[in-house]
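Taking it in order: structure first as structure tokens, then the write-up.
The values are calculated or read from the model by the stated rules, or taken from the named source; none is laboratory data. Here the structure is a predicted model, which is why all the values come from computation and not from measurement. Neighbour counts are summed over all protein chains in view; Cβ atoms, including those assigned to glycine, are modelled from backbone coordinates with ideal geometry. Ligands, DNA and RNA are stripped out before the accessible areas are found, and what is left, the full protein with its side chains, is counted by its heavy atoms. Shrake-Rupley method; radii C 1.70, N 1.55, O 1.52, S 1.80 Å.
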Amino acid sequence: MLFSSKGKHRRPSKAVRVATLAGVTGAAVAVPLMGATGASAATASEWDAVAQCESGGNWSINTGNGYYGGLQFSSSTWAAYGGTAYASTADQASKAQQISVAEKVLASQGKGAWPSCGVGLSGASTSNPAPAPAEQQQTQPQPERKAEQPANRSQERQAPKAAPKKTVTTPTGKKVAKGDGEYKVKKGDSLSKIAEAHHTTWQKLFKLNDDIVQDADLIYPGQQLHLK
């Protein structure tokens, strides 16, 4: 529903009052009023009646409830039917401009746009109102998106492969970890000798390099030790 459905009943439309006063023969009196301006338009007096019901006939009303002007347009409806060409909200537009926009709404949505106050409007159906232009755009089918190919589950479970560890070969032919420290072991080196030369202790060097040095007495040329 694009308009207020507050159900104001301040005053019935002129057409309804004429028909009520006329009684059984009132149908003949009411017909000219209902069809005075064609199949899709209401008369000025009918719009006055709607405004009287919706807003007490105040075409410049703005109570802060989200609906504006004599016919109580919401901002979205006012914009959807071209009202912003006149003013940003309906309360700032003239009576004639508000009626001009209301005629478009009536042609599109019927009397149901004013569920309680629009019963006296002529030239429009009360059922199956058409959606506003903005709503029609929103309900258009969206283009299908191609489903993304799922990743191979075995690949998802696989941890990244670690780079192969570099090794050096001992005099006995055994391969030991090379390491990536800043000091490269030379022939004749020992942990205590290296520690003394770099003002530290062999215990600290052993702890720093326990990933490649398994025995404090066994280090091999080509290994690279961390000094700090």
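Output the number of residues of the stretch 66-93 satisfying the condition of being in contact (Cβ under 8 Å) with a residue 60 or more places away in the chain and of a type in the set (S, T, N, Q).
Final tally of qualifying residues: 4.
Give all pairs with beta carbons closer than 6 Å in which a residue from the stretch 101-112 that is part of a helix (DSSP H, G or I) meets a residue that is open to solvent by 10 Å² or more (accessible area, probe 1.4 Å) and β-branched (Val, Ile, Thr); count only pairs at least 6 apart in sequence or on separate chains.
Close Cβ pairs satisfying both conditions: 111/126; 112/126.
Of 87, 79, which residue is part of a loop (DSSP other than H, G, I, E, B) and among the aliphatic types (A, V, I, L, M)? Let's see the steps before the verdict.
Numbers: 79 fails: part of a loop (DSSP other than H, G, I, E, B).
On inspection, the qualifying residue turns out to be 87.
Go through (1) open to solvent by less than 40 Å² (accessible area, probe 1.4 Å); (2) more than 12 Å from residue 101 (Cα to Cα); (3) not acidic (Asp, Glu) one by one and return the number of the condition residue 63 breaks.
(1)
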